[in-house]
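Trainee: Here it is: the structure, laid out below.
The values are calculated or read from the model by the stated rules, or taken from the named source; none is laboratory data. Small disclaimer: the values here were computed from a predicted structure and weren't measured. Cβ atoms come from the backbone with ideal geometry, glycine included; neighbour counts cover every protein chain shown. Areas reflect the complete protein model, heavy atoms only, side chains present, ligands, DNA and RNA absent. Shrake-Rupley method; radii C 1.70, N 1.55, O 1.52, S 1.80 Å.
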Amino acid sequence: MSAAVAQQASVATLPVAEDVVYLSHSSSTMMEKCAAAYAYRYRDRLQSQAESMNLGFGKAFDQAVSGFLVGDVYGHDVDAVSVFTQTYAEWTSQCVVEISTRWKGQDAIIETGQLLVTRFVEWWRDSGFSVMLDPEGKPIIQRELRVRLPRNVIYTAILDLMVMTPEGQVAVVDVKTPSADCPEGFPITSGQLTGQQLVVEAHAGELGIDRVEKLGFLNAIKRPVPTTKRGEGPTIAPVHLVDARTPEQVEEYIQSRLWVADDIRRKRFAKRSLDAYNTPCTLCEFRQLCTTGSREGLIVRPPRKRRP
């Protein structure tokens, strides 16, 4: 065999680098739930022109909670209720907002948000939790972290809050504003919490921790303020922290994300309607596009600028 032929043969056997795939909990979960919806949102960058009030409410609550907690760390008084009100008002002024029939207009939504923020502040002061600080003394709140997984997959997670529990344990707490508490035992199996542990432990030195010990959700239940004494109204659900995942469980989650990335690279974007009693299609923003081909009510998001 000539030297040239030998060189060609050796080059032909070199592995081909796989295209980078960016994943998060929300994107990979959408891919698992309905790959067609993933393609519409992340490949074609489509989204509904109208946005659910739940999105704006969650953003405003996060801003209010973050502002209050940062102020609490540094000894500054922050009017968290005003932060919520202003943030939500700014969001609604920029969006076409969809509101479900359970709400009697924007005033009812704002009233719920204000009361929920007030109850969070009360809950926090009695909780015994303290915000974790990184080695630079910065609160670990709303911190975006990324980790490069095998086979050129980059996984991103945003930490709502890292706390020290009253027992001295390091905990990752994800803050949500659902309309009902999550099912009992859900934090034990939640992939979102597993992904957050994954990125935290990948940045343990930067965050100044040895390991994550506890995981859980803080569910601020978003209900209309009752007009009678019989209604429940908005409340902070009991926070149940569970043990952190074992290394084997984290590795299992990593493998599952690599499988999702494989499907994305191979453009396996099949529609998944499942069965009528549990179909994801009912609330899907791409339902009309999927069934009729019409893009009415959809807009194209501008390209995202990714950090290097």
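Trainee: Mind counting the residues in region 239-268 that are open to solvent by less than 70 Å² (accessible area, probe 1.4 Å), of a type in the set (F, W, Y) and without any contact (Cβ under 8 Å) to a residue 60 or more places away in the chain? Spell out how you get there, then give the answer.
Mentor: Step one: of region 239-268, the residues open to solvent by less than 70 Å² (accessible area, probe 1.4 Å) are 239, 241-242, 244-246, 250, 253-258, 260-265.
Subsequent filtering for residues that are of a type in the set (F, W, Y) retains 253.
Next, only the ones that are without any contact (Cβ under 8 Å) to a residue 60 or more places away in the chain stay: none.
Result for region 239-268: 0.
Conditions tested, residue by residue: (1) under 30 Å from G195 (Cα atoms); (2) open to solvent by 80 Å² or more (accessible area, probe 1.4 Å); (3) in contact (Cβ under 8 Å) with a residue 12 or more places away in the chain.
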| position | (1), (2), (3) |
| --- | --- |
| D79 | no, yes, no |
| S82 | no, no, no |
| K104 | no, yes, yes |
| V121 | yes, no, yes |
| S130 | yes, no, yes |
| P139 | yes, no, yes |
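Trainee: Please tell me if P187 is within 21 Å of I236 (Cβ to Cβ), open to solvent by less than 50 Å² (accessible area, probe 1.4 Å), modelled with pLDDT of 95 or more and assigned to a loop (DSSP other than H, G, I, E, B). It would help to see each step written out before you state the result.
Mentor: Details: within 21 Å of I236 (Cβ to Cβ): yes; open to solvent by less than 50 Å² (accessible area, probe 1.4 Å): yes; modelled with pLDDT of 95 or more: yes; assigned to a loop (DSSP other than H, G, I, E, B): no.
No: the conditions fail for P187.
Yes/no matrix, rows are residues, columns are (1) open to solvent by 80 Å² or more (accessible area, probe 1.4 Å); (2) over 18 Å from the mean Cα position of the chain (by Cα); (3) among the hydrophobic types (A, V, I, L, M, F, W, C):
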| site | (1), (2), (3) |
| --- | --- |
| S27 | no, no, no |
| M30 | no, no, yes |
| C34 | no, no, yes |
| A50 | no, yes, yes |
| M53 | no, no, yes |
| G58 | no, no, no |
| G71 | no, yes, no |
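Trainee: Can I ask one more? What tally of residues in region 27-60 results from selecting those that are within 19 Å of C95 (Cβ to Cβ), part of a helix (DSSP H, G or I) and in contact (Cβ under 8 Å) with a residue 60 or more places away in the chain? It would help to see each step written out before you state the result.
Mentor: Kept after step one, since they are within 19 Å of C95 (Cβ to Cβ), are these residues of region 27-60: 41, 45-60.
From what's left, part of a helix (DSSP H, G or I): 41, 53-60.
Now narrow it down to the ones that are in contact (Cβ under 8 Å) with a residue 60 or more places away in the chain: 41, 54, 57-58.
So the answer is 4.
Trainee: Between K305, K271, which is surrounded by 11 or more Cβ atoms within 10 Å (Cβ to Cβ), in a loop (DSSP other than H, G, I, E, B) and of a type in the set (D, E, K, R)?
Mentor: Just a single option satisfies the conditions, and that option is K271.
Trainee: So, in region 212-260, exactly how many residues are assigned to a loop (DSSP other than H, G, I, E, B), β-branched (V, I, T) and under 25 Å from L161 (Cβ atoms)? I'd like the intermediate steps shown before the answer.
Mentor: The initial filter retains those residues of region 212-260 that are assigned to a loop (DSSP other than H, G, I, E, B), namely 212-213, 222-234, 237-241, 244-246.
From what's left, β-branched (V, I, T): 212, 225, 227-228, 239, 246.
Now drop any that are not under 25 Å from L161 (Cβ atoms), which leaves 212, 239, 246.
Residues that pass the stated criteria total 3.
Trainee: Quick check: anything in region 8-29 of a type in the set (D, E), at pLDDT 95 or above and over 25 Å from S100 (Cβ atoms)?
Mentor: Taking region 8-29 as the starting set, the residues that turn out to be of a type in the set (D, E) are 18-19.
Among the residues that remain, those that are also at pLDDT 95 or above are: none.
No, region 8-29 has no match at all.
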